[in-house]
Amino acid sequence: MSAAPRTLVVRLDSAGDVLLAGPAVRAVAAGSAYTTLLCGPQGEQAGRMLPGVDEVLVHDAPWVGLEPAPVSREETRGLLETLAERRFDRALVLVSYHQSPLPAALLLKLAGVGWTAADCEDYPGALLDLRHRRRPRRHEARAALDLAEAAGFALPPGDDGTLRVRTPPDTTRLTGPEPYVVLHPGAAVPARAWSPGRAARAAAALAAAGHRVVVTGGRGERELTARVAGRHALDLGGATDLRELAGVLARARVAVTGNTGPAHLAAAVGTPVVSLFAPVVPAERWRPYGVPSVLLGDQRAACAGTRARRCPTPGHPCLDGVGDAEVVAAVAALSGGRGGNGRRADRPVGMNNLTETRKTANETTVTKGAEERGVAW
C-alpha cells in the first residue's frame with residue numbers, strides 16, 4: 001500500500017472563495033499525510049480557519065484580485081523555491097468557473113510538483129495531469145469537491161460536505177447577549193451591496209420589528225457601519241478580525257448580507273442567511289451553501305451575468321428595490337417566524353405563498369412562485 005501523499009491545494013482569491021474550498025480541502029486532508037493551502041493575502045485568515053489545513057502559504061498572484069500585484073521575477077522565484085522545498089506529491093488548483101488554472105499549474109510544474117489537477121476549459125498541454133470538466137450550473141463549493149473526488153480524495157465518514165471553520169471565539173463581550181440579527185452592509189465589489197442609505201433604512205426597519213441589530217464591517221468600512229447603525233443598532237465596524245466575525249455570526253439568529261465573504265462565513269458557522277444577491281454573477285454558483293437562506297434581489301435585472309463591479313443601472317434597482325417588509329419577513333422566516341421581541345412577524349403580500357423546502361449540501365430547492373421574484377429557500 002502506497003503512503004498517503006503530501007498535497008497542495010491552491011485557491012488564490014478572496015476569503016469567501018477560500019471558505020467555499022473548505023469541503024474540498026477536508027476531502028484532500030482525509031487522504032493526505034500533509035495538506036498545505038496556497039492562498040492570496042485576502043484569503044489568508046480564512047485559510048487558517050479551515051479544518052484539515054496543516055500549513056498556509058501566501059502568494060499575491062498577479063493574475064487574480066481586484067488590484068493584482070505586479071509581475072515580479074523575485075517573488076515568483078521565491079514561491080518556486082518554497083514549493084520545491086516541500087516536495088509535494090499532488091496538487092489541486094481550485095478556480096472559479098470563469099478563471100484559468102494554467103498560470104498556477106505552470107508554476108507548480110516548475111516547482112517539481114509531480115501531479116496536478118484542475119477544472120480547465122483551455123487546452124492545458126503538459127501542465128495538467130488531470131484536466132477535469134466541471135458540471136454545468138454547479139455551485140462553486142460543490143464544483144471544488146467534485147474536482148477533489150475526481151483526483152481520488154473523498155470526504156471522511158460523517159462529513160456532510162457543508163462549509164466549516166475551526167471553532168470561533170466567544171464574542172459576547174462585543175455583542176452582548178443573544179438574540180440578535182447581524183446586518184453586514186459592505187462588500188469588496190460595490191455592485192453586490194446595498195447603497196448606504198438603503199442599508200440604514202433596513203437596520204431601522206429590523207429594529208422596529210423588535211430585532212436587536214448588530215452591524216459589522218471591516219476597518220475600512222467604519223464610516224459605512226456608523227451610518228447604517230445610526231441609533232437603531234450596535235456598530236461593530238472595524239472591531240473584529242475574521243475569526244471574531246465568525247464568532248459574532250455564529251451566535252446570530254440570522255445574517256443579512258450581500259454576496260460577499262461574510263455570507264459564506266455565516267454559512268460556515270451554520271447561521272441562516274438573508275442573501276441580498278445582485279445578479280452580476282449567477283446565484284446558482286455563489287449563493288449561501290448548505291444553510292437555510294432566502295435570496296432577495298431582482299435576478300432578471302439588466303446587470304445579470306455582467307460581473308460588473310459597480311452597478312451599471314441608475315438607482316441600483318436589483319438590490320435597493322428590495323422592500324423593508326421583504327427583509328423583515330425573510331428574517332422572521334429564518335428565525336422561526338418570530339421577531340426579536342418574540343412576536344410573530346407578518347409576511348408581506350407576495351411572500352405568503354413561499355414554503356420552506358429541504359436543502360442538501362449539493363442543491364437548494366427554489367419554489368416556483370419565489371423564483372420569479374428572486375426569492376429562494
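Points worth noting:
- Selection of region 322-335 for residues being assigned to a helix (DSSP H, G or I) and of a type in the set (A, V, I, L, M, F, W, C) yields 325, 327, 328, 329, 330, 331, 332, 333, 334.
- Residue in region 92-109 that is open to solvent by 10 Å² or more (accessible area, probe 1.4 Å), over 25 Å from residue 187 (Cβ atoms) and either within 21 Å of the chain's Cα centre (by Cα) or modelled with pLDDT under 95 (or both) present: no
- Just one residue in the set 86, 11 is touching a residue at least 60 places away in the same chain (Cβ under 8 Å), basic (Lys, Arg) and within 24 Å of residue 142 (Cβ to Cβ); that residue is 11.
- For first residues located in region 172-194 and closer than 13 Å to residue 280 by Cα and open to solvent by 10 Å² or more (accessible area, probe 1.4 Å), partners that are part of a loop (DSSP other than H, G, I, E, B) and of a type in the set (Phe, Trp, Tyr) and lie 6+ apart or on another chain with Cβ distances below 9 Å form the pairs 192/277.
- Lone qualifier among 319, 295 - being outside any helix (DSSP H, G or I), at pLDDT 50 or above, of a type in the set (A, V, I, L, M) and under 21 Å from residue 183 (Cβ atoms): 295
- Among the candidates 282, 317, 312, 292, the residue that is open to solvent by 20 Å² or more (accessible area, probe 1.4 Å), touching a Leu at 6+ places or on another chain (Cβ under 7 Å) and of a type outside the set (Ser, Thr, Tyr) is uniquely 292.
- The sole residue among 308, 278, 302, 255 that is within 15 Å of the chain's Cα centre (by Cα), closer than 25 Å to residue 98 by Cα and of a type in the set (Gly, Ala, Ser) is 278.
- Filter pass, residue 134 being of a type in the set (Lys, Arg), touching an Asp or Glu at 6+ places or on another chain (Cβ under 7 Å) and within 28 Å of residue 162 (Cβ to Cβ): yes
- A single entry from 306, 240, 260 fulfils the requirement of being free of Cβ contacts under 8 Å to residues at least 40 places away in the same chain, open to solvent by 10 Å² or more (accessible area, probe 1.4 Å) and β-branched (Val, Ile, Thr): 306.
The values are calculated or read from the model by the stated rules, or taken from the named source; none is laboratory data. These figures come from a predicted structure and were not determined experimentally. Virtual Cβ from ideal backbone geometry, glycine too; neighbours counted across all protein chains shown. In case anyone asks, the SASA skips ligands and DNA or RNA and just uses the protein heavy atoms, side chains included. Shrake-Rupley method; radii C 1.70, N 1.55, O 1.52, S 1.80 Å.
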